[in-house]
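The structure appears right after this line, and notes come after that.
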Amino acid sequence: MRIDYNQSIDPPAPFISIVVAHPLRSTSEQQVMAKIDSGADITALPMNVVQQLNLPTNHFLEIAGYDNQVVSLPVYDTRLTLAHIRVRLETVAISENHAILGRDVLNLLRLMLDGPALTLEILE
């Protein structure tokens, strides 16, 4: 599966469509665009998606961003589907309108980022 980078941002970046769902209610799900971020330890979802799906809170996690500021954030139990995988994982919420796909999910996939061609390929 080959996907073009999102060129509406500068510099262009690899995004993929994911389906986010409540872990116990399969009727509650939303499609979200997610930026591929190999520097992120954990996947982060838009706060409005977390609220609309009423995702259950598991615990709190101390997280440091690129500025080294440590914050304590609630961790949500989530079901996520993309490409050929479906996984249940813990996520955090962010104020962005797109998700951040971290290494907790990326390490389950074989990806090829082709910067010069501005394409992302998900390999079997």
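The values are calculated or read from the model by the stated rules, or taken from the named source; none is laboratory data. Only a predicted model underlies this, so the values are computations on that prediction, with no experimental measurement involved. For neighbour counting, all protein chains shown are included, and Cβ atoms are generated from backbone atoms with ideal geometry for every residue, glycine included. For the accessible areas, the whole protein counts, side chains as well, though only heavy atoms, and no ligand, DNA or RNA atoms are used. Shrake-Rupley method; radii C 1.70, N 1.55, O 1.52, S 1.80 Å.
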Which strands (runs of 3 or more DSSP E) does the stretch 18-124 wholly contain that include 1 or more residues that are open to solvent by less than 20 Å² (accessible area, probe 1.4 Å) and modelled with pLDDT of 95 or more?
-> 29-36, 44-46, 70-82, 85-94, 99-101, 119-123
Could you say which residue among Ala34, Ala44, Ala83, Ala13 is within 21 Å of Ile122 (Cα to Cα), free of Cβ contacts under 8 Å to residues at least 24 places away in the same chain and among the hydrophobic types (A, V, I, L, M, F, W, C)?
-> Ala13
Residue that is least open to solvent (accessible area, probe 1.4 Å), among those in the stretch 1-10 that are among the polar types (S, T, N, Q) and free of Cβ contacts under 8 Å to residues at least 40 places away in the same chain | Asn6
